Amino acid sequence: MSTVKLCEQVNVRYETDVVVVGGGVAGTAAAIAAARGGKRTLLIEKSGCLGGLATNGHVSPFDATKDNSGNTFGGIGKEIIDRMVIYQDKYGCPKSASKRVGPHLFKVVLLDLATEAGVDILFHADVIKTVAEDDEVKNLIIHTKSGIEAVSAKMFIDATGDGDIFAEAGEEFVMGCEPESGTDLKNAGFDHMHFEINSSSKYDTEEAKKILAVQPCSVMFSMGNVDMTQNPIKYNNKNLKFEDLGIDRDEFFSLEYAGTVGFEENGDLIPLPQGRILFFPSGRPNELIVNMSRVIGVDGTDAVELSKAAVIAHKQVIYLADFLKRYVPGFEESYLVESSNVLGVRETRRLVGMHVLKGLDAINCVHYDDEIACGSYIIDIHDPFGKSRALGGAIHGDSYGIPYGCIAPKRVKNLLVCGRCISVDHIAHSSTRIQGTCVMTGQAAGAAAAVALDTDATVQTVDVQKVREALKNDGVLLRK
Ligand SMILES: Cc1cc2nc3c(=O)[nH]c(=O)nc-3n(C[C@H](O)[C@H](O)[C@H](O)COP(=O)(O)OP(=O)(O)OC[C@H]3O[C@@H](n4cnc5c(N)ncnc54)[C@H](O)[C@@H]3O)c2cc1C
């Protein structure tokens, strides 16, 4: 690859206390918490709205805001849901099941909570470089419509989902599964649980080792005018054979998309990208949100791979809409309403921080004296290798704890991490990546940034009990 020298003096556009990069659910919660902690806070987001995957990625289900006995984890996650209910009434929007928030109103809810807390928001701003020296982030270089400028702050929070900031600041990170992931899943008893087809053993095969074992990418879409009286739900989340839907095999294989990526022959089963039909009610009458596209082995930190995967996934959407209309009872008169603007990336870089949460500890519901968040979602590994429905199952209790060390890097003194890219292994990640948990680690990172600044501490030396007090004072319910 040839190179070009980029050398330019740039203006420092913002000097502030805390800068949060990434306005997904985690970054928004982090910014709200830092601002409530009395810090001047700037939230930088490269798209034009808050919510990240929840809005631009059309991921409506807002899960893991409660433990498995139904007790809320409180905090900003609860505030988001409460505000959603108020706005649904106020703006005459159809009531959705409480955890299915829907992307459109969600943008406004997050924006209102952030601006009410006093967060400054810079949209359409891409952080293109992290300037770090002496184990400290000094500046971020941003690209906006105004050109290339710099931002400086005392404390930074990486909420990019992909760990863009900690990677460039030189912190250790990993991507993909650990060598023991397959064995850990078996030891957790997930060989026969929760999902019909289990392939934890695939982690150990030579074929599997050739691809990057991260969870696959998907583009979410929604279908309107579905005739729910035909009960399409009965086909949901099942591996279906051709005869289950009365599909003529030859006719299927004459379709233009048969044999393309995701629609390759799959024995007796209907060849679908995820090997299943999967949808959720959108909250709007007769409308379903569909999660059926899948592209495996994608390095979501590589622009070319991302683009190639997006091309495949967007094509899969239109093919899947055609499939549903042709073959699934209730979808005959349905139509494609919308599809997500961004490729839904489930897994990229994970920080190797002061503590790495292990999947088995999450499954066994371990809690910690220094926990700053809790998770409760199932271990939910969308098959990194192909068409199995999912690997994993329910955790063995109500909730698990996430210790402070999962959001704190080992070296850089003024950087915290939250959301999808915190310090966990591949198995734990499949649960901590869920939105309610991302909000909790976000709120914790914002609170920790404020406490560290108030006490002249680094992120490694901050008094974690003070952070936990701040979280509890802001309504977060921690088990310990
Ligand atoms: C297909 C799919 C289905 C899912 N299903 C569910 C589900 O059913 N229930 C559930 O709870 N969760 C689900 N999830 C998981 C969940 O949606 C995400 O893991 C979670 O929303 C991640 O939140 P986040 O804030 O960490 O990251 P993101 O939502 O990815 O937000 C990161 C933000 O940072 C911005 N950003 C990134 N880099 C830069 C940069 N360099 N400069 C400026 N801005 C930047 C991005 O634009 C983005 O807005 C699903 C995910 C996918 C992909």
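The values are calculated or read from the model by the stated rules, or taken from the named source; none is laboratory data. Owing to the predicted nature of the structure, the values given are computational and were not obtained by experimental measurement. Cβ placement follows ideal geometry from the backbone for every residue including glycine, while neighbour counts extend to all protein chains displayed.
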Exercise for the section: Return the pairs, sorted by first residue and then second, in which the second residue is more than 16 Å from the ligand (Cβ to nearest atom) and of a type in the set (D, E, K, R), the first residue lies in the range 207-218 and is farther than 14 Å from MET175 by Cα, the beta carbons are less than 6 Å apart, and the residues are 6+ apart or on different chains. Expected result: ALA208/LYS202
Exercise for the section: State yes or no: is ALA428 in the same structural domain as THR16 (by TED's automatic domain parsing), in contact with a Lys or Arg (Cβ under 8 Å, 6 or more places away or on another chain) and over 15 Å from TYR368 (Cα atoms)? Expected result: yes
Completion exercise
The lone condition GLY392 fails out of (1) of a type outside the set (Lys, Arg); (2) at pLDDT 95 or above; (3) within 16 Å of the ligand (Cβ to nearest atom) is (2)
Practice task
Count, please, the residues in the range 250-280 that happen to be modelled with pLDDT of 95 or more and basic (Lys, Arg).
Solution key: 0
Practice task
Please name all residue pairs, on different chains or six or more residues apart, with Cβ atoms under 6 Å, provided the first residue is in the range 299-311 and is outside any helix (DSSP H, G or I) and the second residue is acidic (Asp, Glu) and surrounded by fewer than 17 Cβ atoms within 10 Å (Cβ to Cβ).
Solution key: ASP299/GLU305
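To keep it simple, each residue is scored yes or no on (1) among the aliphatic types (A, V, I, L, M); (2) in a helix (DSSP H, G or I); (3) touching a Phe, Trp or Tyr at 6+ places or on another chain (Cβ under 9 Å).
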residue: PHE385; (1), (2), (3): no, no, yes
residue: SER388; (1), (2), (3): no, no, yes
residue: ILE395; (1), (2), (3): yes, no, yes
residue: GLY401; (1), (2), (3): no, no, yes
residue: ALA408; (1), (2), (3): yes, no, no
residue: LYS413; (1), (2), (3): no, no, no
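Of all residues being within 16 Å of the ligand (Cβ to nearest atom) and β-branched (Val, Ile, Thr) in the range 317-354, which is nearest to the chain's Cα centre (by Cα)? Just the residue, please.
Top of the filtered list is VAL345.
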Practice task
Could you grab me the full set of residues in the range 330-374 that are small (Gly, Ala, Ser) and over 20 Å from ILE395 (Cα atoms)?
Solution key: GLY330, SER334, SER339, SER340, GLY344, GLY353
Practice task
Consider CYS365 carefully, then state whether it is within 23 Å of GLY419 (Cα to Cα), assigned by TED's automatic domain parsing to the domain that holds THR65 and part of a loop (DSSP other than H, G, I, E, B).
Solution key: yes
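Looking at the range 40-63, which of its residues are more than 6 Å from the ligand (Cβ to nearest atom) and crowded, with 24+ Cβ neighbours inside 10 Å? Before the answer, list the steps.
First, the residues of the range 40-63 that are more than 6 Å from the ligand (Cβ to nearest atom): 40-43, 48-51, 55-56, 58, 60.
Hits for the range 40-63 are THR41, LEU42, LEU43, LEU50, GLY51, THR55, HIS58, SER60.
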Handout entry: Criterion (under 19 Å from the mean Cα position of the chain (by Cα), among the small types (Gly, Ala, Ser) and not in a loop (DSSP other than H, G, I, E, B)) met by exactly one of ALA444, ALA470, ALA450
Key = ALA444
Practice task
Would you check if ASP67 is within 13 Å of the ligand (Cβ to nearest atom) and either outside the structural domain of PHE280 (by TED's automatic domain parsing) or in contact with a His (Cβ under 8 Å, 6 or more places away or on another chain) (or both)?
Solution key: no
